[in-house]
Amino acid sequence: MKSVPFAKRFLFLLVLAAALAFPAFGSSPARADQFVTLGTGGISGVYYPVGGAICRLVNKDRKTHGIRCTVESTGASVYNVNAIRIGDLDMGIVQGDTQHYAATGTGSEQFAKAGPDPKLRALFSLHAEAFTLVARDDSGIKVFTDLAGKRVNVGDPGSGNRSTMELLMKEYNWTDATFSLAANLKPAEMAGALCDNKIDAYIYVVGHPNGSIKEASTTCKSHLVPVTGGEVDAFLKKYPFYPAAVIPGGMYTGTPGDVQTFGPRATVVTSADLPEEVAYQVVKAVFSNLEEFKKLHPALESLTPKEMLLGNSVPFHPGAARYFKEAGLM
């Protein structure tokens, strides 16, 4: 058998490659998926698994709408809004107060330097990140004003815990000197300090259930304290991105009843540059599968559709608003 000349073999391979690269005349080319990335937080936190739940629901109908959602572990709220602004992320989970500060260019030197972000848009809200007051049973702390004269962890400097506590303290005309001790512990240190009787109480702005608070409630006799009253009402009116919140009773040992408080909500945000249809399909995927979504993480269990429109200080993306109007939520 004669060997095929190199030139003919090369021509054959060239024709074969072209045939594989281009569809036959009259056939429809496959639609390319549109990829969107959702920024979350650390892998061990709440944002990352919740983001995974959102993308799971979006991807479930990928063959219908052609959108593929991927999750990225990030430095959380501040990183996410900044990455959305420069186009490195399509969407992100952020605290409601961070959303406000990024949109207005206030709240920190970083946001003030960047200036207001007029393109930041809301998709929907998630769980409340409740302002939580945990106290030892033997401390005598039953209401928020009982903190005066006590040993209180007011939060790590620069943290959301500390900044929120300082804003609330202004409503009471309190300073660090109001307490017999104003500690600056990090979240990982708080439960241990409480149970070692080094502090009487600590505040923690966090989603529930939370490991630190479970540790405190099971290691030593402690309870959650309601954060309510005239000063709190004035605070919420002044800062509407801190809506009222409820920590369900029975979640922690020592606290059988619901606890009234407030706190920013975790929110899903994007840019006005995100195509309307993409925003619509993302919101629809979550809301039309809400019961399934709520089962994907304990922090989501008590969500209601109307509640998921609260806690935003920026306009809803047109795609989100379109779904809410269709669903009778707006």
Tell me, please, whether a residue that is in contact with a helix residue (DSSP H, G or I) (Cβ under 6 Å, 6 or more places away or on another chain) and closer than 30 Å to residue 61 by Cβ can be found in region 249-266. yes
Looking only at residues that are under 18 Å from residue 299 (Cα atoms) and of a type in the set (Gly, Ala, Ser) in region 105-142, which one is surrounded by the fewest Cβ atoms within 10 Å (Cβ to Cβ)? 125
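Here is a yes/no grid of residues against (1) surrounded by 15 or more Cβ atoms within 10 Å (Cβ to Cβ); (2) in contact (Cβ under 8 Å) with a residue 24 or more places away in the chain; (3) not assigned by TED's automatic domain parsing to the domain that holds residue 163:
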{"residue": "244", "(1), (2), (3)": "yes, no, no"}
{"residue": "251", "(1), (2), (3)": "yes, yes, no"}
{"residue": "254", "(1), (2), (3)": "yes, yes, no"}
{"residue": "283", "(1), (2), (3)": "yes, yes, yes"}
{"residue": "288", "(1), (2), (3)": "no, no, yes"}
{"residue": "295", "(1), (2), (3)": "no, no, yes"}
{"residue": "310", "(1), (2), (3)": "yes, yes, yes"}
Which residue, of 117, 137, 90, is within 28 Å of residue 191 (Cβ to Cβ), over 14 Å from the mean Cα position of the chain (by Cα) and either outside the structural domain of residue 203 (by TED's automatic domain parsing) or among the charged types (D, E, K, R) (or both)? 137
Does residue 79 fit the bill of being among the aromatic types (Phe, Trp, Tyr), on the phi < 0 side of the Ramachandran plot and crowded, with 24+ Cβ neighbours inside 10 Å? no
Within region 305-330, can you find the residues that are outside any helix (DSSP H, G or I) and modelled with pLDDT of 95 or more? 305, 314, 315, 316, 317, 327, 328, 329
Which condition number in (1) in a loop (DSSP other than H, G, I, E, B); (2) at pLDDT below 90 is the one that residue 162 fails? (1)
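Going by what's in this entry, would residue 71 be described as within 26 Å of residue 246 (Cα to Cα), in a strand (DSSP E or B), within 19 Å of the chain's Cα centre (by Cα) and not assigned by TED's automatic domain parsing to the domain that holds residue 197?
no
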Exclusive hit being small (Gly, Ala, Ser) and touching a Leu at 6+ places or on another chain (Cβ under 9 Å), set 140, 155: 155
Out of 236, 224, 194, which single residue is outside the structural domain of residue 81 (by TED's automatic domain parsing), assigned to a strand (DSSP E or B) and in contact (Cβ under 8 Å) with a residue 24 or more places away in the chain? 224
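For (1) of a type in the set (Val, Ile, Thr); (2) assigned to a strand (DSSP E or B); (3) modelled with pLDDT under 90, each residue gets a yes or a no:
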residue: 83; (1), (2), (3): no, no, no
residue: 102; (1), (2), (3): no, no, no
residue: 110; (1), (2), (3): no, no, yes
residue: 113; (1), (2), (3): no, no, no
residue: 123; (1), (2), (3): no, yes, no
residue: 149; (1), (2), (3): no, no, no
residue: 155; (1), (2), (3): no, no, yes
residue: 182; (1), (2), (3): no, yes, no
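The values are calculated or read from the model by the stated rules, or taken from the named source; none is laboratory data. Only a predicted model underlies this, so the values are computations on that prediction, with no experimental measurement involved. Glycine also receives a Cβ, built like all others from the backbone with ideal geometry; neighbour counts cover every protein chain displayed.
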